[in-house]
Every structure is written in C-alpha cells, then in structure tokens.
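Comments concern the structure below.
Bear in mind that the values in this text are calculations on the coordinates, not laboratory data. Only a predicted model underlies this, so the values are computations on that prediction, with no experimental measurement involved. Every residue, glycine as well, gets a Cβ built from its backbone with ideal geometry; the counts of neighbours run over all protein chains shown.
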2 protein chains.
Amino acid sequence: MELMEKRIAEQGRVLPGDILKVDSFLNHQIDVPLLSAAGEEFYNAYRACKVNKILTIEASGIGIACLTARFFDCPVVFAKKKVGRNSDDEFFTSSCFSYTKMQTCEISVSKRYLSPEDRILLIDDFLAEGNALAALIDLANQAGAQVVGCGIVVEKAYQSGGERIRGMGYRVESLARIRSMSPEGGIVFCS
Amino acid sequence: MELMEKRIAEQGRVLPGDILKVDSFLNHQIDVPLLSAAGEEFYNAYRACKVNKILTIEASGIGIACLTARFFDCPVVFAKKKVGRNSDDEFFTSSCFSYTKMQTCEISVSKRYLSPEDRILLIDDFLAEGNALAALIDLANQAGAQVVGCGIVVEKAYQSGGERIRGMGYRVESLARIRSMSPEGGIVFCS
C-alpha cells in the first residue's frame, strides 16, 4: 500500500534495538483517515472470504481492527493481556513473548466470543517474530473457528514471523513490508 | 441514546460488586455498527465545537474513539497505561485509581501529540468516579490544550464522577445514564 509506505518513510523513526516508531499515526496517535484506507485495503483483499469476525489484540490492534470491521460489517473481538476482576467467564488463553516488553504475556478471549461458526480475519499493527499472531491463531483454533487470513500494517520481512505464519498455511497480507532498516541507513521496503 | 440503553438492558449483566458487564458489545467484543452510531451521536452533540483531536485511554476507549473520530475527521490519541521500552520521548503523565483493577495506575501521552492548538473531545466507555476522565483532563491541561467536552457511553449516574467532572466546568454527554442497578433489581436508567 503506497500510502502506508510513504507515511512510514516520512514519519517512521528507526531507533537502536530494531525499533520502528510509528506512533504519530499507528499506535499512540492514530491517523483515522489513513487507517480507514488501510481497512479498505484489507477488505479488498479478503472480501470473498466470508469474514464474520475480526480478532485482534489490545491495545494497538483495536483501532485498525474497528476501522477495518466497518467494511466487513462485523464485530471485533480483542484478546486481553490481563483478565480483570470483572471476569466471571471462562477463557481461551495462549501465551506469547513480547520483544517490545521483553516478557511473556498471557492473552485471553472469553469463550462467549469465539465459536466454530466464526470465520476470522486476524488484524495487528506489526508482524515481526509472529508470536502475537501465532497466539491469536491458537485462540481461534481452541474455539474451533476458521482463520481465513491475517491483515498486518507493518511487516518486518527480515524477521521470521511472516515465513512462520505463511508456513503454517495461513494467508498474510501486509500493507508495508520492510526489507531492512537501521538508524543510519533508514527504511528500505520490499519492492 | 435509546439504542444504547436497549442494548445495555438486553445484554448487560449486573454482577456483585457494582459491576456492569457489557463485554458483548463494548469492551471485549465490539459491535462496530452500534459504536459507529454512538460516534455519530457524539458528533451531533459536539459538531459546533471545532474538535480537532480525540483523546481516550487504552484499551476499551480506543474502538469507540476511532469510530467517533471518523465523523470529526480528526486523529485519536490514546493515553497509555505503561510506557514501553520503545519510548525515547517525553511524556505528560497523570495518575488515577482504577476500581476495576483496584490499583493506581499512571497514564501518559507523549508530548509530541498534545499541544495548545488542540481542541479535545475526551471519549471513554464508562464514567463512574471520574478518575480516568480527571486524569485525561489533567494531561490535556498540562499540554495547554482546550477540552471542549466528554463523550461517555455508560455513565453510572449514582456515582459521583458525573457531578465531579461537570462541577469542574466540563460538558459531559453520556449515551446511557444508569440511575441504579443490582443483580436482583436489574438496570434502571435515568429518565
């Protein structure tokens, strides 16, 4: 998606430690028109797949998931990283390692909100090692739901996540795929 | 908003400890068409106020904020509860006590994303004691931004938050105001 690559090139900041900061439009401040356009891209990619639910993970995935769901006219479910005291329900749970936080976290979804009837599009902001996406797939599988594919805003294509998830047989559509990046060399996209 | 009260009456579950579970449509599963309609209500209430930014708090506020921002054609900024290792920025911070989690949490927004030029609409899912909203107002004030008002999905009108925030001189528009609720007696709305 040319518009997304352009924005990343203009506003993305590459920091030491393989960090790409895109918080001016994606995961702190949210550029709603841009992410609506991103949602439409995901819709165009998956419109034939009878998606009836979008599954994402708090917090950064929620905005893009909601703006995508408008096109599919379906609900969003977001996996939670912590289950609060308000929870009397039973949950599907899975664990994933977050490199951003350098810790393993449990994610969970109430059993009320995933079912074998669901045809799920997974949405997330980043794909790097694929840990979050693999955990979401695990949750969907536990529910007996069908994962029709994944919609990712930024894929770090030089990391193993894309290959891992595609190797599991899932379709992954990424709006921007980064071939390499460094504080000195900037950001290079896959052509 | 009749549609919202109806949905709360149909799907809200009142649990012991003054808990209203609305996670089938608001804060775990998200009914995107319903919350789009909610966003339009907020737009109708504040359309004359020259809102140029929506400020909310992760995670439950993000979906409704994004679906509201579409109508204002403005960005969303969400306050974070934890600052990750990706942060090299300076932050406005404020603290608030969460009754849901029974702990005080720090919330923060990068100084890059709030400024004196901002005319801010605050959006959140719940208003009870008003702690989260007061902390968001504090962040906006630190930035020298103008808060034009607040848009709340569910106000527990029998708690002090609404009076507190309105008493500070801020306009609060709530789509559903609950007069009383209990596991036995169900949910009664303000007429």
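Given +1 on the Cβ of Lys and Arg, -1 on the Cβ of Asp and Glu, and no further charges, what dipole in debye does chain B carry about its Cα centre, rounded to the nearest 20?
Taking the Cα centre of chain B as origin, the dipole is about 140 debye.
Among A:130, A:167, A:151, whose mean-square fluctuation peaks in a Gaussian network model of chain A (Cα, cutoff 10 Å)?
A:167
Report the extension gain between residue A:93 and residue A:163 in nm, rounded to one decimal, defined as 0.36 nm multiplied by the number of residues separating them, less their alpha carbon distance.
22.8 nm
Out of the DSSP beta bridges found with both residues in the range B:2-189, what percent are antiparallel (nearest 5)?
Taking every DSSP beta bridge with both residues in the range B:2-189, the antiparallel ones total about 45 percent.
Tell me the label-point distance for the pair residue B:102, residue A:170, using the 7 Å Cα-to-Cβ offset, in nm and rounded to one decimal.
3.5
Could you compute Rg(Cα) / (2.2 N^0.38 Å) for the protein assembly as shown, with N its residue count? Please report the intermediate quantities before stating the final value.
Values: Rg = 20.0 Å, N = 382, 2.2 N^0.38 = 21.1 Å.
Computed over Cα atoms of the protein assembly as shown, the ratio equals 0.95.
Expressed as a whole number of Å, what is the distance separating the alpha-carbon centroids of the range B:140-182 and the range A:127-150?
Result: 38 Å between the Cα centres.
Enter the mean number of other protein chain beta carbons within 10 Å of the beta carbon of each residue in B:26-37, as an integer.
Other-chain Cβ atoms within 10 Å of each residue's Cβ, averaged: 6.
Using helices alone, I'd like the mean residue ellipticity at 222 nm for the protein assembly as shown: each DSSP H run of four-plus residues gives -39500 (n - 2.57), total over residue count, nearest 500.
-9000 deg cm²/dmol
Take the Cβ-Cβ distance between residue A:190 and residue B:44 as r, set R0 to 35 Å, and report the resulting FRET efficiency rounded to the nearest 0.05.
Given R0 = 35 Å and the Cβ-Cβ separation, E is 0.20.
Could you work out the relative contact order of the range B:137-178, using alpha carbon pairs under 8 angstrom and six or more residues apart, expressed as a whole percent?
Computed over the range B:137-178, the figure is 46 percent.
Once you keep just the Cα pairs under 8 angstrom separated by 6 or more residues, what percentage relative contact order results for the range B:2-189?
RCO, the range B:2-189: 20 percent.
Considering the dipole of the range B:2-189 built from charges on the beta carbon (Lys and Arg +1, Asp and Glu -1) around the Cα centre, which of B:140, B:183, B:150 is farthest to its positive end?
Value computed over the given set: B:140.
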